[in-house]
1. Quick one: 3J(HN,Hα) in Hz for the range 72-84, Karplus 6.51/-1.76/1.60 with θ = phi - 60°, rounded, Gly and Pro as x.
2. Amide H of T99: which non-local residues (sequence gap of 5 or more, or other chain) have their own amide H closer than 5 Å, using H built in the peptide plane?
3. Can you list the GluC sites (Glu not before Pro) in the range 38-113 that are in a DSSP coil and have 13 or fewer other beta carbons within 10 angstrom?
4. Would you grab the residues whose amide H sits under 5 Å from the one on D49? Only those 5+ places off in sequence or on another chain, please, with H modelled 1.01 Å from N.
5. Using the 10 angstrom Cβ neighbour count as an exposure proxy, how do Y77, Y20 rank, fewest first?
6. To make sure I understand the rule: partners must be aspartates and glutamates, Cα under 14 Å from the Cα of K34, and not fewer than 8 residues away in the same chain. Which ones qualify?
7. Amide H to amide H under 5 Å from I16: which residues, 5+ apart in sequence or cross-chain, H placed 1.01 Å off N in plane?
8. How do M95, M64, M86 line up, fewest other C-beta atoms within 10 Å first?
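What follows is calculated from the coordinates using simple rules that are stated; it is not laboratory data. All values reported here derive from a predicted model rather than from experimental measurement. Neighbour counts run over all protein chains shown; Cβ positions are idealised from the backbone, glycine included.
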Amino acid sequence: MFGPVFSGGRSCYTLIPKLYTVRKHRAYLEAIGKFTANAILNQELIGVDFADTFVKALYGQSMMLEDLKETLGAQEYSNYDDLQRMPSKDIDDLMYDFTVEEGGKRVPLLEDG
C-alpha cells in the first residue's frame, strides 16, 4: 500500500500505484485517510515518515516536477525532465495529448496548453 522512497538522506513512504490494483483499495485508502487525518487534527506523531509529495498533497499545496524526483524512478524522472525542456515545436511533433477528461469533456492540463 505504501512504498518506501529515499529522499534527502531519509527513508520515507508514499502511496504506490500498485495499491489501485487491490480489490478493496478504496477501503484501505479511507482507513489510511482517517488515521492520518486524526493524527493531524490531534497533533500526534504516528511514526510514519511520509514523502514530501504526500504531505504536500494532504495540505493542498502545489507541486512541481522537482517534487516528484523522490517518488519516480531515475529514468522516468529523466524522461519527464527532458520533456519539460523540449521546445514547443518538438513537443507538437510528438502528438502528445495533454488533457484530462472531466465530466465527459476534454480539458487541457494548462490553459492554452
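1. Whole-Hz 3J(HN,Hα) from phi for the range 72-84: 8, x, 4, 5, 5, 4, 4, 4, 5, 5, 4, 4, 5.
2. HN-HN under 5 Å from T99: L109.
3. Answer in residue order: E44, E111.
4. Here the answer is Y13, since their amide H atoms fall under 5 Å of that of D49.
5. Placing the least packed residue first, the sequence is Y20, Y77.
6. K34 reaches E44.
7. The list, which skips near neighbours in sequence, is G3.
8. Fewest-to-most Cβ neighbours within 10 Å comes out as M95, M64, M86.
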